[in-house]
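Presented below is the structure to which this report refers.
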Amino acid sequence: MIDWRQIDSVLLDMDGTLLDLHYDNQFWQELIPHRYALSRGLDVNTAKAVLKPIFKRRESTLDWYCIDYWSRELRLDIPLLKREVAHLIAVQPHVLDFLRSLRAAAKQVLLVTNAHHKSLALKLEYTRLGDYLDTIVSAHDIGYPKEDPLFWRQLAECHPYVPGRTLLIDDNLAVLRSARRYGIAHLLAVQQPDSRRPPADTGEFAALRDFRTITPASSVLNPPPLAAGVGAGESPRVADDASTGFPVSSHNK
Ligand SMILES: [Mg+2]
């Protein structure tokens with residue numbers, strides 16, 4: 001599935017890739033509508049109907065991912081509410097072994113996320129993922145969301161990498177497409193970003209089901225069957241997060 005001899009740098013998304021998207025989905029699709037309803041004297045279904053177009057307008061912009069923006073827009077203390085359900089933050093299975101293997105294989109490992117700093121800090125506090133990464137980059141530092149090919153160019157100026165020798169793993173198809181337009185050669189789409197939802201459609205990208213299938217050591221010493229990690233020829237059920245219209249950190253479409 002992956003020829004590690006061809007790869008020097010690994011770019012990893014956070015929400016829905018290294019971390020279970022269940023936390024973000026629960027936060028934006030359940031907790032926020034409930035608290036918004038409470039603060040406005042609405043029932044929850046009405047609150048969801050009111051919020052949907054408000055969120056929709058900011059899709060694929062940095063505002064979508066900016067919790068300061070949503071604190072102002074919704075007049076809710078988003079950072080405080082995020083901490084309230086922080087017990088739901090979880091690392092995806094076998095991710096830590098994968099990260100250890102990357103380090104052992106001397107790969108450059110960057111976390112590249114659209115997440116806002118306050119959300120990022122909370123998740124790093126709860127998961128200690130920072131211990132396994134060389135660099136952590138938020139799109140809010142770069143000035144463009146990952147859906148914009150300019151993000152990848154700007155990233156290369158700050159943290160040099162060779163696109164043709166770089167692997168990106170992400171659960172957002174728009175992000176994978178922008179990276180491909182920039183020239184990143186190796187791309188994998190996470191097949192089940194939210195452990196509580198069905199596998200997602202990974203479109204034209206190879207699907208990553210299980211990090212064990214791509215850890216450098218097992219790939220080199222004991223190659224797994226290709227079918228174990230590649231979605232080609234299959235018809236996975238579609239979990240269309242975008243259809244909910246809420247600003248989860250990943251929204252395949
Ligand atoms: Mg994501």
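Filter K48/K107; K56/K118; K52/K107 down to the pairs with a C-alpha to C-alpha distance above 32 Å, please.
Going by Cα-Cα distance, K48/K107; K52/K107 fall outside the 32 Å limit.
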Treat the count of other C-beta atoms within 10 Å as a stand-in for reagent exposure and order S71, S60 from fewest to most. S71, S60
Nearest-ten-degree value, helix 44-56 long axis tilted from longest Cα axis of the chain: 60
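May I ask for the net charge around F98, where only other residues with Cβ less than 12 Å from the Cβ of F98 are counted and Lys, Arg are +1 while Asp, Glu are -1?
In short, +2.
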Cα long-axis angle, helix 95-104 against the chain (0 to 90 degrees, to the nearest 10): 40
Can you list the residues, at least 5 places off or on another chain, whose amide H is less than 5 Å from the amide H of Q192, using H built in the peptide plane? A200
Could you rank the peptides 80-92, 175-187 by their average count of other C-beta atoms within 10 Å per residue, with the highest value first? 175-187, 80-92
Could you work out how far apart the two model spin labels at E84 and V162 are, taking each label as a point 7 Å from the Cα in the direction of the beta carbon, and quote it in nm? 5.0
By a straight-distance test (C-alpha under 16 Å), which lysines pair with K123 as possible cross-link partners, with residues fewer than eight away in the same chain excluded? K82
Quick check on the chain: helices-only [θ] at 222 nm, where DSSP H runs of length 4 and up contribute -39,500 (n - 2.57) each and the sum goes over total residues. Nearest 500, please. -10000 deg cm²/dmol
Within the range 55-90, whose backbone N sits under 15 Å from a point 7 Å along Cα→Cβ of L38? 75-86
I'd like the orientation of helix 173-182 relative to the chain: the angle between its Cα long axis and the longest Cα principal axis, in ° from 0 to 90, rounded to 10. 50
Using a basic spin-label model with each label point 7 Å from the Cα along Cα→Cβ, how many nm lie between L31 and R196? 1.2
Based only on other Cβ atoms within 10 Å, what is the fewest-to-most ordering of T213, T127, T17? T127, T213, T17
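Readers should treat all values here as calculations from the given coordinates under stated rules, not as data from a laboratory. All values reported here derive from a predicted model rather than from experimental measurement. Because the Cβ atoms are built from the backbone with ideal geometry, glycine has one as well, and the counts that use them run over all protein chains shown.
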